[in-house]
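Here the structure comes first, spelled out in structure tokens, and everything after it is commentary.
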Amino acid sequence: MMEQDIQEILFSQEALARRVKELAGEIRRDYAGKAPLVVGVLRGCFVFMADLVRELDFPLTLDFMAASSYHGTESSGKVNIQLDLHDDIAGRDVLLVEDILDTGNTLSKLVAELKSRNPASLKLCVLLDKPERRVRPLEADYVGFTIPDAFVVGYGLDYEQQYRNLPYVGILKPSVYQR
Ligand code: IMP
């Protein structure tokens, strides 16, 4: 069972739903009168983004990107774009949605790439932020929760592609990745 591998539940399903609603409220205010392109970073974004966009009651379009940098619990620092956007984003208001901002290696690369395509605006929304781990100067415009330096899974976040389907965010027992 997956639950046996969880040391502590950080954010319950209910706490996540409440916070996602609040974030959506901020985003709704900031994007009044606009029709943004919401770009999710796969695969970790999928649960958060699905919940977030269903709280946004204005016209928007969706697209996805994928980048790789992680091996197990370590950020490698090298980032490759594995899946790119379908359409040109020049002149669009782009909201990039990611599960977690950790070292910033992945997102700083993606942000630089998207900025080079001349969007009208580019903002970053992350469910979780681990500022202690940052190695690149990058801050998100919308942050669900700031968390300490622990490896977390669930609500889209994985360890070796497992645990994404847990309905809550929990700290993974270190014994799981030390074995
Ligand atoms: P960064 O490039 O170090 O900022 O890493 C970003 C990516 O690493 C995220 O999109 C996640 O996929 C992954 N990641 C970072 N920390 C965690 C964690 O605690 N649990 C699961 N995945 C994580």
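The values are calculated or read from the model by the stated rules, or taken from the named source; none is laboratory data. The model shown is predicted, which means the values in this text are computed figures rather than measured ones. No Cβ is skipped: glycine too gets one built from the backbone with ideal geometry, and neighbour counts run over all protein chains shown. Ligands, DNA and RNA are stripped out before the accessible areas are found, and what is left, the full protein with its side chains, is counted by its heavy atoms. Shrake-Rupley method; radii C 1.70, N 1.55, O 1.52, S 1.80 Å.
Assorted remarks:
- For segment 85-103 versus segment 127-179, the gap between their alpha-carbon centres in whole angstrom: 20 Å
- Per-peptide packing, taken as the mean over residues of other Cβ atoms within 10 Å, places 27-36, 93-102, 141-150, 163-172 in the sequence 93-102, 163-172, 141-150, 27-36 from highest down.
- Entry note, the chain: relative contact order of 25 percent, from Cα contacts under 8 Å with a spacing of 6+ residues.
- A viscosity of 0.890 mPa s and a temperature of 25 °C, combined with the Kirkwood radius over Cα pairs in Stokes-Einstein, give a translational diffusion coefficient for the chain of 148 µm²/s.
- Tally of Lys pairs whose C-alpha atoms are under 27 Å apart, taken over segment 13-148, 8 or more apart or cross-chain: 14
- The local environment of Val176, defined by Cβ-Cβ distances under 14 Å, has a net charge of -3 under the rule Lys, Arg +1 and Asp, Glu -1.
- For Leu101, distant residues with modelled amide H under 5 Å away: Leu128, Asp129, Lys130
- Efficiency of FRET from Cβ geometry, Gln82 and Ala120, R₀ 25 Å, rounded to 0.05: 0.45
- Using a probe of 1.4 angstrom and keeping all protein chains present, the accessible surface of the chain works out to 50 square angstrom per residue.
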